[in-house]
């Protein structure tokens, strides 16, 4: 056992991770400057020179991290990592502590969430340690159908799993501060009951053995505040989702391994699939208010990175356990859904700028914040770089034709530009090559060697098509955030629903127009040099087609049947994912508008809902119902369930007296006094119930 | 006169048919596993309502039968849960949850709304308890002050002081200066 303190053994590593990116970026910059030697320099060239280090630096950071991950993989793992410490020798005998598994939900598919909980429950039960774990389903849903469905799913789960007193449901009336507020609400109410909290997303799944190991790791290492697993993306059906999960399996581990080597105990927290020590989290990690003038913009949108930084600031370690299996999530099903998510993440990541220079934040966390910031800022920088580079090339071409003397013509060709080009290509593609090399020993899990290579090739092609599309959208997101346009917290679509061609033409058609204009302009001004821009321009021109085809389930399934984009979790489906295999399929039979009225007509759904509301609110004295509520009730009875908007439905459902009054009236009034929809729903609620 | 009477009896028949259909649908929502029991219950409540209707013909049949059934349901639940001191809504919610969790409508449908309820069924209903969340253990979770460092000071000196009107005026001013300068240079060169 090495007894040298962790801090003193990380000096060389820190020096490497500081010097390697800087020296490689400097080398690239020198090559760029030398490529201009002997040439006329125009004003766009200064922009290119100014932006180059930022863009090239980002490519270099990616390369250095993945190369380090590859080196770590070659030597069999990081000896300084928390999961390789001596506590693993007596892991099985280590005691456990009270742990809450917290699942915040916001207008999610309650049945899919319920299936996930059931699988995790059974998996935990198999470990024989379930008595240490409680589940909390914490809802912020503002959709009446989702709320009622969540309640029913919760009760059915409690009944099926005999989980009364172990599986809890909590609905917040006011969804203050979105997901982070939901977690904080749990911490304030029940945080003292538990030593640890495992935070999951609605689509997250973790195996029982992984959860048990995480708790033991925390128990054995009291200096650790957060332990983040690296969730594998699974259950994808559409081509887009399959592509994401394949690239995550192929390259993600090396990247996470490299990040972990660089950051060590200042690791990342991604907001889910992680275990958190509750006492320091409650004491130190409530999100600070951002120092901006507008009161509505002071809340930190993307909480995880900041929470990790605050935990480390409070002298607790944060680690990423990249080697742990049994942690899963689902990716966005199509490009549009990913962009919707990115819009939110972009706003959150740009807010992190404030923490980049905050006092007391560790270097590893600053690196994480920088990577997060640049992941979005790079897009507008790249866009400006391309325009400036093209104008520079145009000016140079004009100069060469009209103004250059014979002595200038020979200087235009130089070897530095070629070396820089080769270096850039290597830095861009080497991480992919390393990812494939590290996967080759497990190629059978990816459908075999030839399938693996072909899938990697196709994934690279698709990524090249998608990258220019993302560049334009991300640039727009950055500008819109900087201009202060409001971001709405929307629920994430997790079902593999394809996009319509019409939607794709409407949403991405402007990129096709831009690409076509770009081709014409570039060809007329740059001549044959316009081919350098073609990878970008083709991406734009094909944007609607790319978005449409990648969103299709049958394309993804057909490729899967040919052994392409296969991931290890598909070769051998983990038991925790078995019942979820078809969860992504949209349920065509469900009529969403008829779910919430069941709380007004079905006695069991109603009584469950009333129990929830009664426990929260004191019953109002008779005769004190607000006139506006009375008006709402009457409107609902006479004009049917579609007459109320989302807010009005929620207001009524929160009022126990109104709900009970409506139950009485909707059953007692004659047909002529009721809207015809109610008669139909009455019959339906007699035939099937959400609780059946 | 006969036509008027026929019309009235037709309307009455339709109204009672509607009342019966409504009551049947209402009882269906309790998911009794025995359909004849549901039908028997419906007929029993319908007969009682008819008797009351004869006393007070002005009341609408659907309204009468459903009010009577719901009242009976609440009384039955209160009696078997021993919760007569609570409000109707509270009795209904805890009673129906107890029915659902005890699975009595499926295992002993004939005992639904029957009095007296056998002790074992009454006991199984009373034993059900719905826990939505454990007792609170309130913790204080408040944000700690954080020093945002030099960027905050810079922002306070610049960005936080800007307002769009001033920026617009400044921009117009410098654009005007640029054009004047450009025009002047063009004229002298």
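Over 21 Å from residue A:303 (Cα atoms) and at pLDDT 95 or above: which single residue out of A:212, A:199 fits that description?
Just one listed residue meets the conditions, A:212.
Remark: pairs (first residue in segment B:145-159, facing chain A (nearest Cβ under 9 Å); second residue surrounded by 12 or more Cβ atoms within 10 Å (Cβ to Cβ) and in a helix (DSSP H, G or I); Cβ separation under 6 Å; 6+ apart in sequence or on different chains) = B:148/A:354. Answer yes if at least one residue in segment A:64-81 is touching a strand residue (DSSP E or B) at 6+ places or on another chain (Cβ under 8 Å) and outside any helix (DSSP H, G or I), and no otherwise. Yes, because at least one residue in segment A:64-81 is touching a strand residue (DSSP E or B) at 6+ places or on another chain (Cβ under 8 Å) and outside any helix (DSSP H, G or I). The set of residues in segment A:247-258 being under 22 Å from residue A:345 (Cβ atoms) and crowded, with 24+ Cβ neighbours inside 10 Å consists of A:258 alone. From the list A:482, A:528, A:462, the lone residue that is within 22 Å of the chain's Cα centre (by Cα) and modelled with pLDDT under 95 is A:482. When the residues of segment A:291-304 are filtered to those that are within 26 Å of residue B:157 (Cβ to Cβ) and surrounded by 20 or more Cβ atoms within 10 Å (Cβ to Cβ), the one that is farthest from the other protein chains (Cβ to nearest Cβ) is A:301. Report yes if residue A:554 is over 20 Å from residue A:244 (Cβ atoms) and assigned to a helix (DSSP H, G or I), otherwise no. In short, no. Mind listing whichever residues of segment A:527-568 are under 24 Å from residue A:425 (Cα atoms) and surrounded by fewer than 18 Cβ atoms within 10 Å (Cβ to Cβ)? Selection gives A:527, A:528, A:529, A:531, A:532, A:534, A:535, A:538. Scanning segment A:352-376 for residues that are in a helix (DSSP H, G or I), within 13 Å of chain B (Cβ to nearest Cβ) and surrounded by 22 or more Cβ atoms within 10 Å (Cβ to Cβ) returns A:355, A:365, A:369. Taking segment A:133-165, which residues are over 29 Å from the mean Cα position of the chain (by Cα) and either more than 11 Å from every other protein chain (Cβ to nearest Cβ) or at pLDDT 95 or above (or both)? Across segment A:133-165, the qualifying residues are A:160, A:161, A:162. For residue A:218, the criteria (1) surrounded by 22 or more Cβ atoms within 10 Å (Cβ to Cβ); (2) assigned to a helix (DSSP H, G or I); (3) at pLDDT below 95 hold in every case but one, which is (3).
Against the conditions (1) more than 24 Å from the chain's Cα centre (by Cα); (2) surrounded by fewer than 22 Cβ atoms within 10 Å (Cβ to Cβ); (3) within 13 Å of chain A (Cβ to nearest Cβ); (4) over 30 Å from residue A:156 (Cβ atoms), residue B:55 satisfies every one except (3). Of these, B:98, B:108, which one is buried (at least 16 other Cβ atoms within 10 Å of the Cβ), within 13 Å of chain A (Cβ to nearest Cβ) and in contact (Cβ under 8 Å) with a residue 12 or more places away in the chain? Being buried (at least 16 other Cβ atoms within 10 Å of the Cβ), within 13 Å of chain A (Cβ to nearest Cβ) and in contact (Cβ under 8 Å) with a residue 12 or more places away in the chain holds for just one of B:98, B:108, which is B:98.
When segment A:658-686 is examined, which residues are found to be part of a helix (DSSP H, G or I) and facing chain B (nearest Cβ under 7 Å)?
Residues satisfying the conditions are A:660, A:664, A:667, A:668, A:671, A:682, A:683, A:685, A:686.
On the stretch given as segment A:378-402, residues that are within 20 Å of the chain's Cα centre (by Cα) and surrounded by fewer than 21 Cβ atoms within 10 Å (Cβ to Cβ) total 0. When every residue of segment B:14-33 is checked against the conditions, at least one turns out to be in contact (Cβ under 8 Å) with a residue 40 or more places away in the chain and over 30 Å from residue B:103 (Cα atoms). With respect to the conditions (1) surrounded by fewer than 22 Cβ atoms within 10 Å (Cβ to Cβ); (2) within 11 Å of another protein chain (Cβ to nearest Cβ); (3) at pLDDT 90 or above, residue A:632 lacks only one, and its number is (2).
Looking across segment A:179-200 at every residue that is closer than 20 Å to residue A:345 by Cα and touching a strand residue (DSSP E or B) at 6+ places or on another chain (Cβ under 8 Å), the one that is farthest from the other protein chains (Cβ to nearest Cβ) is identified as A:200. Taking every residue in segment B:114-142 that is within 24 Å of residue A:611 (Cα to Cα) and at the interface with chain A (Cβ under 7 Å from one of its Cβ atoms) and pairing it with any residue that is at pLDDT 85 or above and assigned to a loop (DSSP other than H, G, I, E, B), at least 6 positions away or on another chain, the pairs with Cβ-Cβ distances below 7 Å are B:131/A:164; B:131/A:165. Where residues in segment A:166-178 are touching a strand residue (DSSP E or B) at 6+ places or on another chain (Cβ under 6 Å) and closer than 15 Å to residue A:146 by Cβ, which of them is farthest from the other protein chains (Cβ to nearest Cβ)? Selected residue: A:171.
Report yes if residue A:21 is at pLDDT below 90, part of a helix (DSSP H, G or I), crowded, with 20+ Cβ neighbours inside 10 Å and in contact with a helix residue (DSSP H, G or I) (Cβ under 7 Å, 6 or more places away or on another chain), otherwise no. No; evaluated as a whole, the condition is false for this residue. Scanning segment A:631-646 for residues that are touching a residue at least 40 places away in the same chain (Cβ under 8 Å) and either farther than 26 Å from residue B:18 by Cβ or not in a helix (DSSP H, G or I) (or both) yields a total of 1. Applying the set (1) buried (at least 16 other Cβ atoms within 10 Å of the Cβ); (2) at pLDDT 90 or above to residue B:80 leaves exactly one unmet item: (2).
The values are calculated or read from the model by the stated rules, or taken from the named source; none is laboratory data. Small disclaimer: the values here were computed from a predicted structure and weren't measured. Note that we place each Cβ from the backbone using ideal geometry, even for glycine, and neighbour counts take in every protein chain shown.
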